[in-house]
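A short write-up of the structure that comes next.
The values are calculated or read from the model by the stated rules, or taken from the named source; none is laboratory data. Just so we're clear, the structure is a prediction, and the values are computed from it rather than from any experiment. Methodologically, a virtual Cβ is constructed for each residue, glycine included, from the backbone with ideal geometry; neighbour enumeration extends over all protein chains shown. Calculation scope for accessible area: heavy atoms of the full protein, side chains included, ligands and nucleic acids excluded. Shrake-Rupley method; radii C 1.70, N 1.55, O 1.52, S 1.80 Å.
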Amino acid sequence: MFIRNARILIDPQAGLWSDELRWQDGAIIDACSSDHSDQPAFDGGGDLFIPGVIDLHTDALEGRLMPRPGVDWPGRAAMLAHDSDVIGAGVTTSFNAVAIGTSSRRPERMALVEPFVQAVESARAENLLRADHRLHFRCEVTDPLMPETLEALLVRVRPDAMSIMDHAPGKRQVRDVEDMVQWMVARRGETADRARAFAADFIRESEENGAARSLLVAEHARRLSIALATHDDETLEHVAFASAIGAHYVEFPVTRLAAEAAVTISLPTTMGAPNVVRGQSSGGNVDARSLIHEGLVSALLSDYVPSSQLHAVARLIDDGLDEAYAVSLVTDGPAALAKLSDRGKLLPGKRADFVRLSLHGGFAQVKGVWVAGHPVYGMPL
């Protein structure tokens with residue numbers, strides 16, 4: 001297959017472009033401008049073509065499995081809908097994050113673990129999916145049941161990434177204990193006294209057992225040779241701990257201090273693309289755009305909005321960020337963090353995962369998606 005008359009970003013990190021692209025048997029075979037006038041070709045219409053988007057953390061499948069609190073949705077239907085969501089967003093490799101352990105805000109998540117894993121594994125085994133779907137275990141260290149739940153899963157399931165969560169109030173994402181108390185009163189119908197008791201339990205579990213449970217997760221990640229992230233790092237101590245246990249990157253640091261500290265010790269950071277699209281954090285944390293413009297971010301993740309990554313790229317380009325660097329945040333940047341050497345760039349031998357785009361006023365329109373060389377979404381060339 002052969003495309004010409006297109007703006008093709010073949011190596012985002014290096015800023016290497018071409019106006020032609022050839023692939024065969026699912027792999028790129030040529031990405032250099034040259035004269036192939038004797039070969040039939042598709043006309044790219046001058047559009048932007050980039051490597052397939054790689055998302056290291058999406059919570060969206062949980063929402064498909066439980067569209068309302070207490071409402072279970074069939075796993076197969078949820079998985080197929082989720083696959084459509086990510087493909088339509090230009091995501092060709094999706095790390096689907098499932099909570100292993102409960103937090104004060106989302107205790108119902110624990111009931112989703114089995115249907116979540118089954119939905120991904122069964123659909124993948126039957127080749128029903130267009131994107132390359134993977135598993136990301138987000139391990140909540142404040143839950144006493146997390147270690148045994150995780151270890152029972154690991155006997156039969158191999159995740160592709162793990163992250164360490166600590167949602168105890170008073171630090172990280174929930175720095176004001178009373179904020180969590182009032183949220184539980186307003187959203188979960190708890191009394192203030194019961195909410196404060198919940199908060200105290202989570203704080204105690206974090207202080208007494210958080211470090212040991214984090215080390216357990218890190219040991220499993222090392223044994224499996226998979227990517228490990230810490231989550232919502234706030235302080236210098238959090239970043240130092242992440243480094244000490246062998247984390248590969250810091251996911252969603254909530255302060256500039258933590259992001260700067262991580263980069264200083266060569267620990268990459270990732271931020272949420274919704275933060276960029278909205279222009280602010282949903283939790284009042286550090287502005288992702290400022291960190292990106294200062295070169296402190298290696299990858300953008302969709303977090304809770306599957307379509308957010310390419311919209312964030314468009315927003316950053318509109319704000320004056322170098323186009324190749326912006327695209328790198330959702331392609332070869334995350335590929336490097338997840339140790340995916342076969343994708344993220346459109347160089348010879350790489351997977352032929354790529355996306356056809358138009359950018360309009362800070363937003364991205366996905367016009368076509370190819371996975372391993374096969375068109376799976378959008379208009380024909």
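Miscellaneous remarks
- Scanning segment 132-148 for residues being over 12 Å from Leu216 (Cβ atoms) and outside any strand (DSSP E or B) gives a total of 4.
- Applying the set (1) free of Cβ contacts under 8 Å to residues at least 24 places away in the same chain; (2) of a type outside the set (Val, Ile, Thr); (3) more than 30 Å from Val53 (Cα to Cα) to Arg156 leaves exactly one unmet item: (3).
- Scanning segment 217-249 for residues that are open to solvent by 40 Å² or more (accessible area, probe 1.4 Å) and in a helix (DSSP H, G or I) yields Glu219, Arg222, Arg223, Leu236, Glu237, Ala240, Phe241, Ser243, Ala244.
- Pair list, Cβ < 7 Å and 6+ apart or interchain, from segment 333-354 residues that are aromatic (Phe, Trp, Tyr) to residues that are not in a loop (DSSP other than H, G, I, E, B): Phe354/Phe49; Phe354/Ile50; Phe354/Pro51; Phe354/Trp370
- Any hit, segment 294-303, residues being in a helix (DSSP H, G or I) and open to solvent by less than 30 Å² (accessible area, probe 1.4 Å): no
- Scanning segment 83-97 for residues that are open to solvent by less than 10 Å² (accessible area, probe 1.4 Å), without any contact (Cβ under 8 Å) to a residue 60 or more places away in the chain and in a helix (DSSP H, G or I) returns a single hit, Asp83.
- Considering residues of segment 338-363 that are open to solvent by 20 Å² or more (accessible area, probe 1.4 Å) and under 20 Å from Ala288 (Cα atoms) only, the residue modelled with the highest pLDDT: Phe363
- Scanning segment 58-79 turns up at least one residue that is in a strand (DSSP E or B), open to solvent by less than 10 Å² (accessible area, probe 1.4 Å) and out of contact with any Gly (no Cβ under 6 Å at 6 or more places or on another chain).
- Taken over segment 369-381, the criterion of being under 12 Å from Gly45 (Cα atoms) and either among the small types (Gly, Ala, Ser) or at pLDDT 95 or above (or both) is satisfied by no residue.
- Count - residues of segment 142-173 that are at pLDDT below 95, among the hydrophobic types (A, V, I, L, M, F, W, C), out of contact with any Cys (no Cβ under 7 Å at 6 or more places or on another chain) and surrounded by 24 or more Cβ atoms within 10 Å (Cβ to Cβ): 1
- Qualifying positions in segment 257-274 - touching a residue at least 40 places away in the same chain (Cβ under 8 Å) and open to solvent by 30 Å² or more (accessible area, probe 1.4 Å): Pro268
- Candidates are the residues of segment 304-337 that are of a type in the set (Val, Ile, Thr) and open to solvent by less than 10 Å² (accessible area, probe 1.4 Å); the one that is farthest from Val276 (Cα to Cα) is Thr331.
- Residue in segment 32-48 that is at pLDDT 90 or above, small (Gly, Ala, Ser) and either open to solvent by 10 Å² or more (accessible area, probe 1.4 Å) or under 21 Å from Ala131 (Cα atoms) (or both) present: yes
- Residue in segment 366-373 that is assigned to a loop (DSSP other than H, G, I, E, B) and either under 24 Å from Leu80 (Cα atoms) or among the acidic types (Asp, Glu) (or both) present: yes
- Enumeration of residues in segment 199-216 that are under 23 Å from Leu154 (Cβ atoms) and open to solvent by 20 Å² or more (accessible area, probe 1.4 Å): Glu205, Asn209, Ala211, Ala212, Arg213, Leu215, Leu216
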